[in-house]
Amino acid sequence: MHASDSTPAPVGVQQFHDVMVPNYAPADFVPLKGAGARVWTAEGDELVDFGGGIAVNSLGHCHPALVEALTEQARKLWHVSNIVTNAPALHLARTLCEVTFAERVFFCNSGAEANEAALKLARRRASLKHGAEKRTILSFRNSFHGRTLFTVSVGGQPKYTEHFGPLPEGIEHLPYNDCAALEAAVNDDTCAIIAEPIQGEGGVIPGNVEFLKALRAACDRVDATLIFDEVQSGVGRTGSLYGYMQADVVPDVLTTAKGLGGGFPIGAMLTKREWAEYLPAGTHGTTFGGNPLGCAVAQRVIELVNVPAFLQTVEARGEALRQALSRIGEQYGVFREVRGLGLLLGGVVSEAWAGRAGDIVKAGHAEGVWCLVAGPDVVRFAPPLNLSEQEMGDGLARLERAIQGLVPA
Ligand SMILES: *Cc1c(COP(=O)(O)O)cnc(C)c1O
């Protein structure tokens, strides 16, 4: 068969296994089309999207303003490389500096790349400023920072590095939200501390404000770099533009991706002038970073999200979703706790449901609601930030039906 044959190939999970590296285990539906918080599938079903493409579709599917930003830019200029700069990248960088602590921005294409840049920057600064022995990176158990060899080694989930060795050295993992363990670990060899202000993949676990403040104090004490990984918590997800704003703890470096492009791939590392100076010309880079298409879309995302009234609705909708999930959790004995911030919530399953978060998500698919897991014991919710009441109500009713179906009669 020639690739040019015009008959469309059948689309389904079986076809995935015929042609894809099996590193993913896709669900048994294939979305073809989306609008707002709904998708329509190749199988002819409609689902309410409570996962948002894993906290990426910050404004839902195919938001008209983002389609406009993308197509407008697509008619002008797609790619120029970093041999030159470009207007959308400069515009977005200026915006990000205006709305956050940042004074300098590095663009890339994913969360892992943003963290890779942050970790390399921290190592280079420590080495040049203090010497090669200041190299220890402190990270936290159950954290997730991406899948490149460096970021996956820094991440706190050993199963993700098994059989990929030899791994980068000089990384220590500490318990999250544990100030005493932190104090015991920090010393003059500490190069950086990297933390998610709210752990996403690790189970939707918010960092205590005292803990986040302790990270800042520790870094100040030994001149280490404080990196906040806000790849999942950023761009309005928690009800603030970035999570650090709620804790009132300012990092030296912040990484952002997922929701930044509202579904278009883009990542960024935000930092301060003093730190930026340690990545002079030639020390780091990426071909697609700062490409005009991604930057034009992200610009519009920030303009739409960074509006006080919008962020207030994220908080209000998050609170309503939390209450509804708590009610369902209690009624069916399925969740022992619903935790999180804004519209990043996790239903922690009760003892009777241990290990069954995936079953709940799967039953949801059959009823027309698309949730996520965060490990075997947490059902995760990261819907579009502009989730409507109707979408939320429909999704919750379907989730409740799915759970009812799982409860033994
Ligand atoms: C998803 C995620 C990453 C990795 O982002 P990619 O775009 O998949 O590379 C890093 N950190 C956190 C906190 C994430 O949630």
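The values are calculated or read from the model by the stated rules, or taken from the named source; none is laboratory data. The model shown is predicted, which means the values in this text are computed figures rather than measured ones. Cβ atoms come from the backbone with ideal geometry, glycine included; neighbour counts cover every protein chain shown. For accessibility, only protein heavy atoms count, side chains too; no ligands or nucleic acids. Shrake-Rupley method; radii C 1.70, N 1.55, O 1.52, S 1.80 Å.
Quick notes on this structure:
- Residue match in segment 370-382 (condition: open to solvent by less than 40 Å² (accessible area, probe 1.4 Å) and among the basic types (Lys, Arg)): yes
- Residue pairs meeting the criteria (Cβ under 6 Å; at least 6 apart or on separate chains; first over 17 Å from Cys295 (Cβ atoms) and among the aliphatic types (A, V, I, L, M), in segment 98-116; second open to solvent by less than 40 Å² (accessible area, probe 1.4 Å) and near the ligand (Cβ under 9 Å from one of its atoms)): Ala112/Gly146; Ala112/Thr151
- Single residue of segment 164-195 satisfying the filter (among the β-branched types (Val, Ile, Thr) and within 24 Å of the chain's Cα centre (by Cα)) that is farthest from Cys219 (Cα to Cα): Ile171
- Condition check for Val301: of a type in the set (A, V, I, L, M, F, W, C), open to solvent by 20 Å² or more (accessible area, probe 1.4 Å) and not assigned by TED's automatic domain parsing to the domain that holds Cys371: no
- Of the residues in segment 43-54, at least one is within 20 Å of Leu293 (Cα to Cα) and either surrounded by fewer than 12 Cβ atoms within 10 Å (Cβ to Cβ) or at pLDDT 95 or above (or both).
- Set side by side, the residues Pro22, Pro31, Pro26 differ, and just one is touching a Ser or Thr at 6+ places or on another chain (Cβ under 6 Å), open to solvent by 40 Å² or more (accessible area, probe 1.4 Å) and not assigned by TED's automatic domain parsing to the domain that holds Gly263, which is Pro31.
- Some residue of segment 95-105 being touching a Ser or Thr at 6+ places or on another chain (Cβ under 9 Å), open to solvent by 20 Å² or more (accessible area, probe 1.4 Å) and within 14 Å of the ligand (Cβ to nearest atom): no
- Options Gly239, Gly243, Gly234, Gly262; residue that is in contact with a Ser or Thr (Cβ under 7 Å, 6 or more places away or on another chain) and either surrounded by fewer than 24 Cβ atoms within 10 Å (Cβ to Cβ) or without any contact (Cβ under 8 Å) to a residue 40 or more places away in the chain (or both): Gly234
- Flag for Asn86 being touching a residue at least 24 places away in the same chain (Cβ under 8 Å), among the polar types (S, T, N, Q) and within 16 Å of the ligand (Cβ to nearest atom): no
- Among the residues examined, Leu92 does not qualify as within 26 Å of Gly34 (Cβ to Cβ), open to solvent by less than 20 Å² (accessible area, probe 1.4 Å), touching a Lys or Arg at 6+ places or on another chain (Cβ under 8 Å) and more than 16 Å from the ligand (Cβ to nearest atom).
- Scanning segment 135-152 for residues that are among the polar types (S, T, N, Q) and either open to solvent by 10 Å² or more (accessible area, probe 1.4 Å) or touching a Cys at 6+ places or on another chain (Cβ under 6 Å) (or both), we see that the one that is nearest to the ligand (Cβ to nearest atom) is Thr148.
- On inspection, Glu391 fails the criterion of being without any contact (Cβ under 8 Å) to a residue 24 or more places away in the chain and either open to solvent by 70 Å² or more (accessible area, probe 1.4 Å) or under 24 Å from Leu260 (Cα atoms) (or both).
- The residues of segment 196-227 that are more than 30 Å from Leu128 (Cβ to Cβ), out of contact with any Phe, Trp or Tyr (no Cβ under 8 Å at 6 or more places or on another chain) and either open to solvent by less than 10 Å² (accessible area, probe 1.4 Å) or in contact (Cβ under 8 Å) with a residue 40 or more places away in the chain (or both), listed by number, are Ile198, Gly203, Val204, Pro206, Val209.
- Strands (runs of 3 or more DSSP E) contained in segment 320-406 and holding at least 3 residues touching a Leu at 6+ places or on another chain (Cβ under 8 Å) and not assigned by TED's automatic domain parsing to the domain that holds Glu196: 335-341, 378-381
- Within segment 231-261, being farther than 19 Å from Cys295 by Cα, under 16 Å from the mean Cα position of the chain (by Cα) and assigned to a helix (DSSP H, G or I) holds for Gly243, Tyr244.
- Residue within segment 113-132 that is more than 19 Å from Gly375 (Cα to Cα) and outside any helix (DSSP H, G or I) present: yes
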